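Notes to accompany the following structure.
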Amino acid sequence: MTQTPDHILLLAGTYEARQIARDLSAEFPELRMTASFAGVVRDLPNLGVPSRIGGFGGISGLVDYLQREKVHMIIDATHPFAAQMSRNAVAAAAGLKLPLIRLERAPWRAGEGDTWEHVASMKDAVQTLPRNSRAFLAVGRKEIQLFAERTDIYGLARMIEPPSASLPDGWDLVLARPANDVEREIALLIDHRITHIVTKNSGGKSSYAKIEAARRLQLPVIMVDRPDLPTADTVSDVPELLVRVDDLLGTKRLKTSCETD
Ligand code: NAP
């Protein structure tokens, strides 16, 4: 009798999700894996595993999907600010008693020479910018409109997909992924005479260059702290995740990072 392979739903949207798809497929070739994307960004990466695109339809839609597709485990590798998806995943997994592992990369921490003002939300970030400031807005297309109300500031917005409404006169828009070159970030900030930086505390290396650039130029950063999420089985990197999956599958193939030969 042939056994049905375990099916893992990988909630994607981060660079770690690419790594997970690659490493899990290599370590556990017998697994079936489906990567799921919200479909917000057009040029989606090929994760090398079957994928689906678009929302599930809230918690009930996700529950239906998990049952229909006979999913055994959920891996939440969405962005730390994709709170709705993470909350829905916890609720659906709890309802069906499915294991869920969340990969949550460590947040950035202020270091020597950093001037950070922590705020709890984008709305608070909008209010915190002083009059006449020239702000580099490293925010998403849905969030930029909140800042557009501030007619007393200048904004340089950088995002991957264009915003749905045009930006205020005199503002600039850069359609690009975050740069990982500190010198280029410094040049961008100097060219636009930026006085403040607004960013989410995404953590990770891929968008850290602007934080380093702000430190070098001694610019204040308005740091939007992460949203609260329901408690979940959480790991902070891909190797730790692989060991946890191994544990849950009961295959005991991998060693924990604490075990040495
Ligand atoms: P969100 O507010 O948590 O999600 C909104 C809705 O989008 C969810 O309720 C879900 O719709 C759908 N969705 C989100 N992620 C999905 C996924 N991986 N697969 C299927 N449906 C998904 O998230 P968001 O901030 O819009 O982010 C969307 C995606 O972009 C996420 O995958 C995230 O990792 C990525 N991303 C987000 C940010 C950010 O700053 N928010 C930054 C970089 C990348 P239903 O309720 O209909 O299921």
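Shape of segment 1-91 from its Cα gyration tensor (a ≥ b ≥ c, root eigenvalues): rounded if a/c is under 1.5, otherwise prolate when a/b > b/c, or oblate? Intermediate values should be presented prior to the final figure.
On the way: a/c = 1.84, a/b = 1.18, b/c = 1.56.
Taking the square roots of the gyration eigenvalues as a ≥ b ≥ c, segment 1-91 is oblate.
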Rounded to whole angstrom, the alpha-carbon centroid of segment 33-107 lies from that of segment 191-261 at a distance of 19 Å
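Take the chain, mark every one of the GluC sites (Glu not before Pro) that falls in a DSSP loop and has at most 15 other Cβ within 10 Å, then report the longest stretch left between them, sites excluded.
Working: sites that count: 30, 69, 112, 149, 259.
Free of exposed loop sites, the longest segment is 150-258.
Kindly provide the Kirkwood hydrodynamic radius of the chain in Å, to one decimal, from all pairs of distinct alpha carbon atoms.
Values: mean 1/r = 0.0498 Å⁻¹.
Radius from the Kirkwood sum: 20.1 Å.
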In Å, the Kirkwood hydrodynamic radius from C-alpha pairs for segment 138-261 sits at 17.4 Å
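What length, rounded to one decimal in nm, is gained on full extension from residue 205 through to residue 180, with 0.36 nm per residue of separation minus their alpha-carbon distance? Write down the numbers at each step before the final one.
Numbers: separation 25, 0.36 × 25 = 9.00 nm, distance 0.77 nm.
The span from residue 205 to residue 180 would gain 8.2 nm if fully extended.
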Going residue by residue through segment 59-74, the Karplus relation 6.51 cos²θ - 1.76 cosθ + 1.60 with θ = phi - 60° gives ³J(HN,Hα) values, rounded to whole Hz and with x marking Gly or Pro, of 5, 5, x, 5, 4, 4, 4, 4, 6, 4, 8, 6, 7, 9, 7, 10
Here segment 48-54 yields Karplus 3J(HN,Hα) values (6.51, -1.76, 1.60; θ = phi - 60°; whole Hz; Gly and Pro given as x) of x, 10, x, 9, 10, 10, x
Working note, segment 70-209: Cα radius of gyration (Å, one decimal) and Dmax (Å, whole number) are 17.6, 55
With the label point 7 Å along the Cα-to-beta-carbon line of residue 7 and a cut-off under 19 Å to each amide N, the hits in segment 61-83 are 61-77
Listed by chain and number, the lysines with an alpha carbon less than 18 angstrom from that of residue 123, same-chain partners under 8 positions apart left out, are 142, 200
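Rank the residues 123, 200 as a footprinting-exposure proxy: fewest other Cβ atoms within 10 Å of their Cβ go first.
In order of increasing Cβ crowding within 10 Å: 123, 200.
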As straight-line cross-link partners of residue 97, the qualifying lysines (C-alpha separation under 25 Å, not fewer than 8 residues apart within one chain) are 70, 252
A correct Karplus calculation of ³J(HN,Hα) over segment 113-119, with 6.51 cos²θ - 1.76 cosθ + 1.60, θ = phi - 60°, whole Hz and x for Gly and Pro, returns x, 8, 10, 10, 10, 7, 10
Pseudo-spin-label distance residue 131 to residue 87, built 7 Å along Cα→Cβ, given in nm, is 3.6 nm
In whole Å, largest first, the alpha carbons of segment 80-156 cover along the principal axes 53, 33, 17
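A short reminder: the numbers here are calculations on the coordinates, not readings from a lab. Just so it is clear, the structure is predicted and the values come from calculations on it, not from any experiment. Note that we place each Cβ from the backbone using ideal geometry, even for glycine, and neighbour counts take in every protein chain shown.
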